[in-house]
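Some notes on the structure that comes next.
The values are calculated or read from the model by the stated rules, or taken from the named source; none is laboratory data. Bear in mind that the values here come from a model prediction, so they are computed numbers and not experimental data. All Cβ positions, even for glycine, are placed from backbone atoms using ideal geometry, and neighbour counts span all protein chains on display. Areas reflect the complete protein model, heavy atoms only, side chains present, ligands, DNA and RNA absent. Shrake-Rupley method; radii C 1.70, N 1.55, O 1.52, S 1.80 Å.
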Amino acid sequence: RVPILNGESFDPFAPRLGLFDLVLMNGVVEHIPLSVPGLRQRVLRSAWAAVRPGGYLVINDTPNRLWPVDGHSTQLWFVPWTKPGSAWAYRRAVKLGRHADSPTSAPGPLGLEQVGAWGATYPELLGYLGGEDAVECINLLPGHSERVSYVDAGSPRRQKLEKLLHATLVPALRMPLTAFAPSLNNLVLRKRTAG
C-alpha cells in the first residue's frame, strides 16, 4: 500500500510521517521558481529535514544552470545564464515559439520558471542543505561515480574527456562529475550524523 498525500507543502504531513531513509527529488528542483524569494530553499530544506541522519537525498534529472543551453524547456542558448524569471528570456522564448502561457502555470516569466527553464547548481543545492558540514556527497567517494556516465556511450572522445575530468577536476574542486554535466543526475547526498 502506498498513501498518496497532496498539499501545498510537505510541512503539515511531516510530523505524522516521521523521517525517511531516502527522499527522491526526480525532476523537481527546476520547477521551483527562484524569483519567489526563499521558496526553493524552503522546499529543499523541508525535504532535507525529512531525511534521517545517515539517510539520503537523491536529486536527479535537474538541469544544470552552469550550462549555457536550456535543454529542459526552451532549447535556447543563454536562458539559464539570465536572471531567473527574466522578462527578456520569456519574450525570446515566446517569440521563437519555444514557450507559451498555459493554464497549468503562472502567466509570464514566472510560468517559464515553473516549466523548468532555470535549473540548479551543485553549490546552490549544497548551500540550501547546510554545506559540507551537514552533507556528504556520495558521488565523491571512491568507486561511487566512476561507472556513471554523463556522455553518449558511442562517443570514445567524450568518454576519454569524462575520465580525464573525473581524475582531475572532480578531486581538485571537490565537486561530483554531475556538477559539470548538462543535468544534475544521480546526485546522492547523505545527511551526516552528529559526532
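Annotations for the structure displayed:
- Filter result for the condition that a residue is open to solvent by 50 Å² or more (accessible area, probe 1.4 Å) and in contact (Cβ under 8 Å) with a residue 24 or more places away in the chain, over GLN41, GLN75: GLN41
- Residues considered: PRO12, PRO84, PRO53, PRO33. Of these, the only one that is in a loop (DSSP other than H, G, I, E, B) and surrounded by fewer than 13 Cβ atoms within 10 Å (Cβ to Cβ) is PRO12.
- Odd one out for ALA47, checked against (1) open to solvent by less than 20 Å² (accessible area, probe 1.4 Å); (2) in contact with a helix residue (DSSP H, G or I) (Cβ under 9 Å, 6 or more places away or on another chain); (3) farther than 18 Å from PRO182 by Cβ: (2)
- Residue that is farthest from PRO63 (Cα to Cα), among those in segment 91-128 that are in contact with a Pro (Cβ under 6 Å, 6 or more places away or on another chain) and open to solvent by less than 40 Å² (accessible area, probe 1.4 Å): GLU113
- Residue within segment 60-70 that is buried (at least 19 other Cβ atoms within 10 Å of the Cβ), of a type in the set (S, T, N, Q) and outside any loop (DSSP other than H, G, I, E, B) present: yes
- Contact map, segment 8-30: first residue more than 20 Å from LEU112 (Cα to Cα) and β-branched (Val, Ile, Thr), second residue at pLDDT below 90 and outside any helix (DSSP H, G or I), Cβ cut-off under 6 Å, separation 6 or more or different chains; the map is empty.
- Single condition ASP61 does not satisfy, out of (1) within 18 Å of the chain's Cα centre (by Cα); (2) outside the structural domain of ALA179 (by the TED database); (3) in contact (Cβ under 8 Å) with a residue 60 or more places away in the chain: (2)
- Exactly one residue out of ASP70, ASP21, ASP11 is farther than 19 Å from VAL188 by Cβ, among the acidic types (Asp, Glu) and at pLDDT 95 or above: that is ASP70.
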